[in-house]
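Each value in this text was obtained by applying a stated rule to the coordinates, not by laboratory testing. No experiment lies behind these values; they were computed from the predicted model shown. Neighbour counts run over all protein chains shown; Cβ positions are idealised from the backbone, glycine included.
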């Protein structure tokens, strides 16, 4: 059960939507996890704590950091679509990657597929993505070389 408690806490921190669902209906926890009564009470206390919103925000900032560092022009070109698209990406890829270039490359591939499928986005998004995705791929390749690790 401890594993389920830990997974539930991680899932709640990563998903404000899940937090809201649990706030609305505590049975959501029982439907997704095997928890003791004590673990359920603790998780309910956590999701109702005012600091939980901050925890969710910090999680999202950490997920956004690699994209903001490596895809500035792409994110700027996305404009008001950014929030929706990043939320969609995180929903499809709930586990982030600690290696910034791997996480960024994964987002680039995902967004490229969306554009290829006809996602209605400003024209400058595809152009910025192509340039920045190439730079990310090159940086990722360099990060994997032995020489880079030595310096």
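A few points about this structure:
- Least to most buried among 25, 120 (fewest other Cβ within 10 Å first): 120, 25
- Compared with the dominant principal axis of the Cα atoms in the chain, helix 2-14 is inclined by about 50°.
- Segment 26-59 and segment 95-111 have their alpha-carbon centroids 27 Å apart.
- Crossing angle, helix 123-143 versus the chain [Cα axis fit, 0-90 degrees, rounded to tens]: 90
- Per-residue packing, averaged as other Cβ atoms within 10 Å, sorts the ranges 100-106, 28-34 into the order 100-106, 28-34, beginning with the highest.
- Entry note, segment 61-150: relative contact order of 40 percent, from Cα contacts under 8 Å with a spacing of 6+ residues.
- Structure-based [θ]222 nm, the chain - -39500 (n - 2.57) summed over DSSP H runs of at least 4, per residue, nearest 500: -25000 deg cm²/dmol
- Angle between the chain longest axis and helix 37-48 axis [Cα atoms, degrees, rounded to 10]: 50
- Here the relative contact order of segment 2-49, from alpha carbon pairs under 8 Å that lie six or more residues apart, stands at 46 percent.
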